[in-house]
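In what follows, a single structure is set out as structure tokens and then discussed.
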Amino acid sequence: MEAAGIEKPARLYDLRSTFASNSLAAGITPFELSRIMGTSVNMIELRYGTLVATANDAILARLEAFGA
């Protein structure tokens, strides 16, 4: 954390949470994120439910653009 210039009292868990939030915002699916982070899809949905809902909007937009 010092090398990255992150001020304390940041915890390693804070970095994990930021990674998960940024990944979902970038369009990584909960399934993909669960595999990367070594956790379950259910846990991703419980912890980041609001962001998952936003990701679902992006999925629907892609399906509509495809004509599905």
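The values are calculated or read from the model by the stated rules, or taken from the named source; none is laboratory data. Note that the structure is a prediction, hence the values are computed from the model and not measured. Every residue, glycine as well, gets a Cβ built from its backbone with ideal geometry; the counts of neighbours run over all protein chains shown. Accessible surface areas use protein heavy atoms only, side chains included; no ligands, DNA or RNA. Shrake-Rupley method; radii C 1.70, N 1.55, O 1.52, S 1.80 Å.
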Item to check | Output for region 7-28, where each listed residue is surrounded by 12 or more Cβ atoms within 10 Å (Cβ to Cβ) and at pLDDT 85 or above | outcome: Arg16, Ser17, Thr18, Phe19, Ala20, Ser21, Ser23, Leu24, Ile28
Checklist entry - Tell me, which residue of region 35-49 that is of a type in the set (Ser, Thr, Tyr) and more than 9 Å from the chain's Cα centre (by Cα) is least open to solvent (accessible area, probe 1.4 Å)? => result Thr39
Checklist entry - So which residues in region 29-68 are in a loop (DSSP other than H, G, I, E, B), touching a helix residue (DSSP H, G or I) at 6+ places or on another chain (Cβ under 8 Å) and modelled with pLDDT of 90 or more, if there are any at all? => result Ser40
